[in-house]
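Take a look at the structure set out below.
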Amino acid sequence: MFRKRRALGARFMISGGEAQRTSLARALVLDPEVLFLDEPFAALDQPTRRRLVREFAELLRGRRMATVFVSHDFAEAAALCSRCAILDAGAILQDEPPTRVLERPGTSRVGEIIGIEA
């Protein structure tokens, strides 16, 4: 009996990327006032990641929901956010729309963090 269950359970295993997408879908179906996302696309391969970032950006534009999005990928954050808070060692270095941060990094450290050479 145990072997049958184990074999059946293995058949229904999902990948890390699928699990991540499923968790995101479960969070969205609740229609929360605030959505907290910590590196939601980190475990995905690049083609899937780019596609989901585009789809998720479109989805967020259609909702009136505050979203706190944590990422080490500034391009990803810029695609999804209307404002970006650049943090370093727990301190906010700059908090502006992503286009403004890209055009005028407040400090050389902000430039380093977002990948702009000084």
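Numbers for the structure displayed
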quantity: Selection from segment 88-111 of residues that are among the charged types (D, E, K, R) and either under 15 Å from residue 69 (Cα atoms) or touching a residue at least 60 places away in the same chain (Cβ under 8 Å) (or both); calculated: 95, 96
quantity: Condition check for residue 30: modelled with pLDDT of 90 or more and surrounded by fewer than 16 Cβ atoms within 10 Å (Cβ to Cβ); calculated: no
quantity: Qualifying residue in segment 59-68 (condition: modelled with pLDDT of 90 or more and either charged (D, E, K, R) or touching a Pro at 6+ places or on another chain (Cβ under 6 Å) (or both)); calculated: no
quantity: Some residue of segment 30-43 being in contact with a Leu (Cβ under 7 Å, 6 or more places away or on another chain) and either aliphatic (A, V, I, L, M) or part of a strand (DSSP E or B) (or both); calculated: no
quantity: Residue in segment 9-30 that is among the hydroxyl-bearing types (Ser, Thr, Tyr) and under 18 Å from residue 98 (Cβ atoms) present; calculated: no
quantity: Total residues in segment 40-72, condition within 17 Å of residue 105 (Cα to Cα) and acidic (Asp, Glu); calculated: 0
quantity: Any hit, segment 73-86, residues being out of contact with any strand residue (DSSP E or B) (no Cβ under 9 Å at 6 or more places or on another chain) and more than 25 Å from residue 104 (Cα to Cα); calculated: no
quantity: Condition check for residue 58: loosely packed, with under 10 Cβ neighbours inside 10 Å and more than 20 Å from residue 98 (Cβ to Cβ); calculated: no
quantity: Exclusive hit being out of contact with any Leu (no Cβ under 9 Å at 6 or more places or on another chain), of a type in the set (Val, Ile, Thr) and closer than 25 Å to residue 51 by Cα, set 68, 101; calculated: 101
quantity: Residue count, segment 40-83 (criterion: closer than 16 Å to residue 94 by Cα and more than 11 Å from the chain's Cα centre (by Cα)); calculated: 2
quantity: Residues of segment 87-115 satisfying the condition of being part of a loop (DSSP other than H, G, I, E, B) and of a type in the set (A, V, I, L, M, F, W, C); calculated: 89
quantity: Qualifying residue in segment 75-86 (condition: surrounded by fewer than 15 Cβ atoms within 10 Å (Cβ to Cβ), among the charged types (D, E, K, R) and in a strand (DSSP E or B)); calculated: no
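The values are calculated or read from the model by the stated rules, or taken from the named source; none is laboratory data. Quick caveat: nothing in here was measured; it's all calculated off a predicted structure. Cβ coordinates were reconstructed from backbone atoms using ideal geometry, including for glycine residues, and neighbour counts include every protein chain displayed.
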